[in-house]
1. Looking at segment B:313-333, I want the residues that are within 7 Å of another protein chain (Cβ to nearest Cβ) and have a partner that is assigned to a helix (DSSP H, G or I) and at pLDDT 95 or above with Cβ atoms under 7 Å, at least 6 apart or on another chain. Which pairs are those?
2. Quick check on my filter: what residues within segment B:344-356 are within 12 Å of another protein chain (Cβ to nearest Cβ) and surrounded by 21 or more Cβ atoms within 10 Å (Cβ to Cβ)?
3. For the condition out of contact with any strand residue (DSSP E or B) (no Cβ under 9 Å at 6 or more places or on another chain), under 30 Å from residue B:24 (Cβ atoms) and buried (at least 19 other Cβ atoms within 10 Å of the Cβ), what is the one hit in B:172, B:182, B:159?
4. Is it true that residue B:238 is more than 10 Å from chain A (Cβ to nearest Cβ) and more than 30 Å from residue B:193 (Cα to Cα)?
5. Being within 12 Å of chain B (Cβ to nearest Cβ) and over 20 Å from the mean Cα position of the chain (by Cα) is true for just one of A:80, A:65. Which residue is that?
6. Would you confirm whether any residue within segment B:81-103 is modelled with pLDDT under 85, touching a helix residue (DSSP H, G or I) at 6+ places or on another chain (Cβ under 7 Å) and either assigned to a helix (DSSP H, G or I) or within 18 Å of residue B:125 (Cα to Cα) (or both)?
7. For segment A:43-58, which positions are in contact (Cβ under 8 Å) with a residue 40 or more places away in the chain and either within 11 Å of residue A:8 (Cα to Cα) or not assigned by TED's automatic domain parsing to the domain that holds residue A:31 (or both)?
C-alpha cells in the first residue's frame with residue numbers, strides 16, 4: 001500500500017512513517033499542502049493521512065477543494081477535539097478522522113477499515129506458497145476453500161507473511177498485535193498462534209515453534 | 001415586585017399623595033364656598049328685610065312712622081332658625097326695636113345703601129344689615145336708620161353640613177384615586193415585568209436578542225440588554241475558540257510525545273524501561289482524553305440549551321456509531337452486534353451520536369478481548385424507544401450505580417483503564433436534554449453491564 005502523509009510536525013511525521021513502514025507500507029511525506037499537491041501529481045496513493053493545521057492552509061479546505069477530482073480515501077488527523085470539527089471533517093469528504101494524540105494500533109485499524117470500505121485493491125494480495133492472503137478483505141484462499149480471518153489473526157498472518165522464513169519473537173509479535181496498554185502476557189501470543197494454526201490447516205502453510213526464540217512461518 | 005424601593009409602590013404612593021392633596025384642597029374649597037354662599041344668602045335676606053322695613057317709613061303729622069311688615073321677618077325665618085333682632089332709630093332716638101343693638105356708623109353719603117357689620121349681641125355673634133333713609137318730618141329731613149340683625153348659628157350649621165358632605169365626597173374620591181393609582185402603576189409596569197420574566201425564563205446560554213414589543217420608554221433598556229447579550233455571546237464564543245485553540249496547541253506536541261514513546265517502546269528491551277514508557281503513554285492518553293471530554297461536555301451543555309429537532313432513526317444512529325467504533329473494537333477482536341428495529345425520535349443528531357459513542361466506547365474499553373458488545377434498539381411500548389448497550393465486561397461494580405453518571409466519578413473496577421469519568425455524564429446530559437433518561441444495570445444474563453438510553457416517544 002502506498003500512503004501519503006501530510007503533516008508539518010517533523011517528529012510526529014517521522015514516528016508515523018516509521019510505524020507504517022513496519023507494516024510494509026510505502027509512505028511519502030509532505031510537510032505542506034503545496035508539497036502534497038506535488039506528490040499527488042506525481043504518484044497515485046491508496047490512502048492519504050491529512051493533518052488539519054498546515055503552514056500553508058487548512059487541510060479541510062484542501063480536502064473540500066480537491067474532493068471533486070481526488071478518489072483516494074482520506075483520514076483526517078486532527079488535534080481539534082470539538083464535536084463539530086470532527087463531524088465537519090466527515091462532511092467535507094474525509095472517510096474517517098482520528099484525534100491526536102492517537103494510538104498507532106488505532107490508526108492502523110482505521111486505515112484498514114477505510115481501505116476495506118473503499119473496496120481494497122488486488123495488488124495488495126500476498127501469495128503464500130499455494131495460498132493467497134488478502135489482508136484488506138481478511139481472507140485466505142487455497143484452491144476453492146476460502147477462510148475469513150478475524151482481526152488479530154489477520155494481523156498475525158500479515159506479520160508472518162512480511163517476514164517469510166524469519167524467526168519472530170513473542171515480544172515482537174505482541175507489539176504488533178496489541179495496543180500498548182493491553183494487559184497481556186506472552187501466553188496470549190501462544191493462544192493466537194494456536195488459533196491461526198487451526199485456521200491455516202490444510203492451506204500448505206505451517207507455523208513452527210522455535211524453542212526459546214519464537215515462531216517462524218513456512219510455506 | 002415588592003420591596004422598599006419598588007417602583008410600583010413608589011408610583012402608587014406618589015399618586016395617592018397627589019390624590020390626598022387634591023381631596024383636602026377640594027374639601028377646603030367646598031367648605032369655604034358653602035360658608036360664603038350661606039353668608040351671602042343671609043346678607044341678601046338681611047338687606048332685603050332692612051330695605052322692606054325702611055320702605056314703610058313715612059311722615060305723619062311731623063312724626064316719623066313705620067310698619068313692621070310680616071314678610072320682612074318671615075323671609076329671615078326661611079333660611080334658618082336663628083334669632084332675629086331689629087332696631088329703627090333717628091339719630092339717638094329709638095323708634096322701635098332693641099335699643100342696645102349696636103349700630104353701625106352710617107354717614108349720610110351712604111344713604112340708600114345697605115351697610116353690613118358683624119358684632120356680638122347677647123352672647124352670640126350676629127350679622128347686621130343697616131340702611132339709612134331720610135324722611136321729611138315737619139318740613140325738615142330726618143335720617144332714620146333701620147338695622148336688622150340675625151345670629152349666625154343656623155347658617156354655620158348649614159355650612160357645616162355642606163362641609164361634612166364635601167369631606168365624605170373627598171374621602172370617596174381619595175379611595176377611588178388610590179385604587180386607580182395602584183392599578184395604573186401595575187399596568188404601566190407590566191411590560192417591564194414581562195421583559196424580566198422573558199429574560200429569567202431563558203437558559204444560561206440563550207443569548208439571542210429579545211424580540212418583543214415594548215413601550216417606547218423601555219426601548220433603551222431593551223437595546224442595552226440586547227447589546228449586553230451580544231457582547232456576552234461574543235466573549236463566550238471567543239473563550240470557546242480559545243479553549244479549542246489551546247486544546248489544539250497542547251495536543252499536537254502530546255501526539256509527538258506519544259508517537260516517539262511508542263517507537264521507543266519497540267526498541268527498548270528492558271522490562272522496567274518498557275513499563276516506564278507505558279506509564280508515560282498512559283498519562284498522555286489520560287490527559288488528552290480528559291481534555292477532549294471536557295470540551296464535549298461544554299459543547300453538550302451549550303447545545304442542549306437550544307436543541308435541534310431533527311428526525312433521527314435510532315437504528316441508523318446505532319449502525320453509524322457501530323461503524324465508527326468498529327476499528328476500535330477490532331483492535332480487541334470485539335464484535336459489535338447490531339439488533340435494531342426502526343424507531344424515529346426528534347433530537348440533535350450530533351449530540352445523540354456523541355452520547356451513544358461515549359457509551360459504546362465505554363463498553364468496548366471495559367470489555368475483555370474476543371467478546372461481544374450488543375447494540376440493541378427496541379420499542380417495548382408505543383411511548384418508549386430504547387438503545388441498549390450490553391457488554392460482557394466486569395459490569396458496573398458493587399458501588400451505587402447512580403453515582404457513575406456524576407462528573408469525574410469512575411466506577412470501582414476501572415483500574416488500569418484510561419478514562420476521565422465524563423463519558424456517562426455526557427450521555428446522561430444529552431438524553432436528559434431530549435426528555436429521556438439513562439438507565440444503568442446488568443446484562444440480561446447477570447453478566448456485564450447494560451447501559452440504556454431511554455427515549456420517550458411523543
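The values are calculated or read from the model by the stated rules, or taken from the named source; none is laboratory data. Keep in mind it's a predicted model, so treat the numbers as computed, not measured. Cβ sites come from the backbone with ideal geometry, for glycine too, and all protein chains shown count toward neighbours.
1. From residues that are within 7 Å of another protein chain (Cβ to nearest Cβ), there are no pairs.
2. B:348, B:351, B:352, B:354, B:355
3. Result of the check over B:172, B:182, B:159: B:159.
4. yes
5. Working: A:65 fails: within 12 Å of chain B (Cβ to nearest Cβ).
After applying the criteria, what remains is A:80.
6. yes
7. Pass one, segment A:43-58, residues in contact (Cβ under 8 Å) with a residue 40 or more places away in the chain: A:43-51, A:53-55.
Within segment A:43-58, A:50, A:51, A:53, A:54, A:55 meet the criteria.
Okay, residues lined up against (1) more than 8 Å from chain A (Cβ to nearest Cβ); (2) in contact (Cβ under 8 Å) with a residue 60 or more places away in the chain; (3) buried (at least 18 other Cβ atoms within 10 Å of the Cβ):
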residue	(1), (2), (3)
B:267	yes, no, no
B:273	yes, no, no
B:286	yes, yes, no
B:291	no, no, yes
B:308	yes, no, no
